[in-house]
Structure formats: structure tokens, C-alpha cells
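Below is one structure, written out as C-alpha cells; the observations come after it.
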């Protein structure tokens, strides 16, 4: 069965450019809950820094996919106001695209697959993909939220969220990151190059679009290797 690993990168809107009604909707509660001006400023900063974690205040700037059977991947990435040509490096093609084009290509390509692999995809990537598809008026082609429990799956698409599997569907209290799992299993971590999800907004603002795309490809490779380790040694069997 062909399997597709996927991952997205996102950034938030500029808070200062939002209309006053939206700013108020996002911040009215922190004035009530903060005990002083210093705490208020910290909470306000956290809100501004976290706008990229919601599809209502953020957008997708990179979507990466990796076909595990062909050992080939593609990363679509935004390059606003920059002329960057499509290029190849290793097992990946890197293709500049708008958010609308990225989403169109993702859902069109998804039609070819029945099994999808992510890390924390059910909690973040897929809801973000679905919401931003609606914003861009693009119809989704696969149900990536159903059939969460592998043992009870009976129909349709399989989405193996490794975060679900490695926390045993939330039974583990301390939930480790992709980096920590890679470290424990001897897999090169995508965070080892000094970039993580929180760095993406800064890189995007500085127009380091290629760095974001390559970071996304590193995430895909690490997720694929983590999947192989889970599948070999940790995946439940019926025997």
C-alpha cells in the first residue's frame, strides 16, 4: 500500500494590521485575567506569537508530502514578492506556490493514497488544512480525521498519527515531542539544525523561504523514520 507522510508549516497574521474588532476579540479576556501591566504585556505577546497556530488567524506557508514507496517527496512553499525557481535536492522537489495552489495540489495528490502518516496531524495539521481549504474554497478529497483507533478501523482512509500512537491515545501523561522521540531512537532530529516550528514566523518575515521548505522536508524524513521504528517494534499485532 502506498503511504504518504505529510506536514505543514504556518505563520500568523500581523496583529497590528488586524481590525480593532478582531484585536478585541482576541485580547479582551487577558485584561480581566492579568494581575498587572507586566503580566498583561506578556499575555499579549503570547497571543501575538501564537496567531500562526490557528487557521482563523494564520495561514499555511509550506506543505510537504513524502511517498514512502517511491522515496520521493515534494514541498510546496510560499515565496511572496520573491522570484524563486523550482529546484531539486536529494529526494525532494521544492516548488513555490500560493496557499491556494498548495492546498489544491495536496488534496489532488491525496486521492492516490489510502494511508497517511503524520506527527500530531489530527490535533494540528489536518484541522488546519481543512479550515484553510474552506477559506480558499477548495473541497477536501480525503477524510483524515475518522478512524482514529487503528484496532477498530473498518472503512475508508487510514491516518496514522504517530503522536496518538506514541502517547497511546493520550494515556501517557507526559507527551514527548518529535525531537525527543527522534533522539531516543537514534533518528536525526529536524530540530538539530537550529530551526523549529516557532522559528518559521521569523524566517518567513525575513524572507528565508527556502530555509522553511528545507526544514519541512527534514520533518518529513524524520517522521518517516519514526514511523518505520514504530511499525517495526511498537505497532500492535493481532497475533
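What follows draws every value from the coordinates through simple rules; no lab data is involved. A quick note: this is a predicted structure, and the numbers were derived from the prediction, not measured. When we count neighbours, we look across all protein chains shown, and the Cβ atoms used for this are built from the backbone with ideal geometry, even at glycine.
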Compute the angle between helix 20-33 and the longest alpha-carbon principal axis of the chain, please, reported from 0 to 90 degrees and rounded to the nearest 10.
90 degrees
Let's test the formula: R0 of 35 Å, r as the Cβ-Cβ distance of residue 196 and residue 237. What FRET efficiency results, to the nearest 0.05?
0.55
Pairing the Cα long axis of helix 37-49 with the longest principal axis of the chain, what angle in degrees results, from 0 to 90 and rounded to the nearest 10?
40 degrees
At 0.36 nm per residue, minus the direct Cα-Cα distance, what do residue 105 and residue 46 gain on full extension? Give it in nm, one decimal, please.
18.0 nm
Using mean Cβ contacts within 10 Å as the protection proxy, how do 56-68, 95-107 order, highest first?
56-68, 95-107
Among bridges DSSP assigns within the chain, what percent are antiparallel (round to 5)?
60 percent
Roughly how many whole Å is it from the C-alpha centroid of region 96-116 to that of region 169-229?
21 Å
Within 10 Å, count the other beta carbons around each residue, average over each peptide in 126-135, 113-122, 20-29, 199-208, and list them highest first.
113-122, 126-135, 199-208, 20-29
Residue among 217, 189, 177 with the largest mean-square fluctuation in a Gaussian network model of the chain, springs linking Cα atoms under 10 Å:
177
Stretchable slack from residue 21 to residue 172, in nm (0.36 nm times residue separation minus alpha-carbon distance)
50.4 nm
Where does helix 126-135 land angle-wise versus the long Cα axis of the chain, in degrees 0 to 90, nearest 10?
60 degrees
Which part of region 47-75 falls in the paramagnetic zone of residue 91, meaning amide N under 18 Å from the point 7 Å along Cα-to-beta-carbon?
63-75
Residues 215, 227 in order from fewest to most other beta-carbon atoms within 10 Å are 227, 215
